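Here is the structure we will look at, set down as structure tokens.
Values in this text are rule-based calculations from the coordinates and carry no lab data. No experiment lies behind these values; they were computed from the predicted model shown. Quick reminder, even Gly has a Cβ in these numbers, built from the backbone with ideal geometry, and neighbours come from all protein chains shown.
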């Protein structure tokens, strides 16, 4: 009796479809440019904060603008954190919904690895942070910053990846992008649940009205900006007035936008039935998020004084040491450990041409926690205080250290993968789709 052939072992980081690869490439291109602008903005803030113009910089950041109603008189720095970052999280909401409905997360098998890796990359750094603070004798409110090292900065990390890993397989790039999107969802959930001090229920319930109207219009493909923008601003304002961090409104608005085309639309629609509304919104908003919202926030959040003993004071703060350790070590152990466990218990193997060194490099790169880490630091310890400055320095040092270590690992792996880019670009039948993707579709 002939034994039954063994079923093929599942593969981690299998090549995605050609449309998904194109989407990831476009997202990487925009986020790479945004990451470069972000770095310039952060560097400019550091220079100004340690120059004779430091008073002018802090004066601009702390200037109050707005109206008293609804707690809408905020400093310029708070407008950047509460207002502009809502655009960043709106794009994150669009990405997340797209990934779960039509992207890499639409099937449980593909979703398991990046989702579990993201969870590991949140839980482990938080535990490392708490452990280091306890070991160094931190007291009082020191533990409030446990969520600072949990999120990965999409723009910063992808900018580094674009520079040092231009030949890495597209599946690894998609993994990092998807993991960072899930990271953002977990981070915004943490902000809403653990960093909401005083909750006002009435404004929060009222926010459901413009949110529902926004959802109804977009579901009917009615996308006039003069209708949607006021509804979005009303949702943001009411969420802000409720005490919940206003960036939550951005995610909620993003999740309301339809992703899949529909067979027919009402006569009042401004778009065709086959139009992917989320893709259209994301195409328009991603450059605004990556090129304006995040860099402006970084400019006002990164200005910390290093000269005059600032760096030494931060090095003696248990919170700062815990942030650096959690970003560099916690992220590596969490992401790599979760990925290895998935492979171990599903008996999966890495796809052809990949090695665990590739995963180590990506796990190190997830330690680049900038935008959301700075935001959580401000929420945990307030703005303008000594500990807030220590946290900012720690986030900068930890992120740069993680990026440097990832560069060492991924540079060597990039040389190994140099031939893959040429293989994936071959299109012998000249139909516009690389042959390797067509073979992958036929096989799987």
Gyration tensor (Cα) of the stretch 11-416, equivalent ellipsoid semi-axes in angstrom
31, 30, 19
Sorted by mean Cβ packing within 10 Å, highest first, what order do the peptides 213-222, 359-368 take?
359-368, 213-222
Can you put 305, 247, 107 in order of Cβ neighbours within 10 angstrom, beginning with the fewest?
107, 305, 247
Would you mind computing, in nm to one decimal, how far apart the modelled labels at residue 141 and residue 109 are, each placed 7 Å from Cα along Cα→Cβ?
5.0 nm
Span from the the stretch 105-130 Cα centroid across to the the stretch 146-202 one, whole angstrom
11 Å
Can you sort 352, 388, 184 from fewest to most other Cβ atoms within 10 Å of each residue's own Cβ?
352, 388, 184
Which order results if 373, 58, 289 are arranged by neighbouring Cβ count within 10 Å, fewest first?
58, 289, 373
Taking 0.36 nm per intervening residue step and subtracting the Cα-Cα distance, what contour gain separates residue 55 from residue 198 on full extension?
48.3 nm
One finds the C-alpha centres of the stretch 293-342 and the stretch 38-57 to be spaced, in Å, by 19 Å
Suppose R0 equals 41 Å; then what is the FRET efficiency for residue 408 and residue 209 from their Cβ-Cβ distance, rounded to the nearest 0.05?
0.20
Could you state the orientation-averaged shadow area of the convex hull built on the Cα atoms of the stretch 104-210, in nm² to one decimal?
10.2 nm²
Estimate the FRET efficiency between residue 225 and residue 72 by the formula 1/(1 + (r/R0)^6), using the beta-carbon distance for r and 25 Å for R0, to the nearest 0.05.
0.70
